[in-house]
Amino acid sequence: MPPPPTSYGEGPSILQKMTMGALMGGGVGLTIGFIFGSWSIIRGGAGPRGFMATLSQYMLSSAATFSFFLAIGSVIRSDSMVSPHLQAAHMQLLSSSGYSVHSRAEGAQLIKARWESERIRLMSSKR
């Protein structure tokens, strides 16, 4: 994992991230295609097309599949409009301002207390 950047300037664009994901997926796909294609050829023979054609078909189909999915994944991952350091600051601000995550039981008690106060308020306004 590379170290975080020291400055918070502009990062790579979505197109650059998608390209990087596609290239990484292509590399992984070629490797996996080579491994499984070679294993298939060793087990069952090259078939009527020959060794190179069969192996290249495995490698290219695997590379195309991995490229597609890693490119989509890198775009989905970078979908946020807010930079990560601002998201972290926002979460710190929320946790220090009293907003916190409650358990299910605490949430149920809080809702019951609010309903009770609302019922009391409505009863007193009817009088």
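The values are calculated or read from the model by the stated rules, or taken from the named source; none is laboratory data. Just so it is clear, the structure is predicted and the values come from calculations on it, not from any experiment. Backbone-built Cβ (ideal geometry, glycine too); neighbour counts: all protein chains shown.
Quick notes on this structure:
- Checking each residue of the stretch 60-80 against the condition of being small (G, A, S) and at pLDDT below 70 gives at least one match.
- Among the residues making up the stretch 22-42, none is more than 24 Å from the chain's Cα centre (by Cα) and closer than 22 Å to V75 by Cβ.
- Test result for G27, loosely packed, with under 15 Cβ neighbours inside 10 Å, in a helix (DSSP H, G or I) and at pLDDT 95 or above: yes
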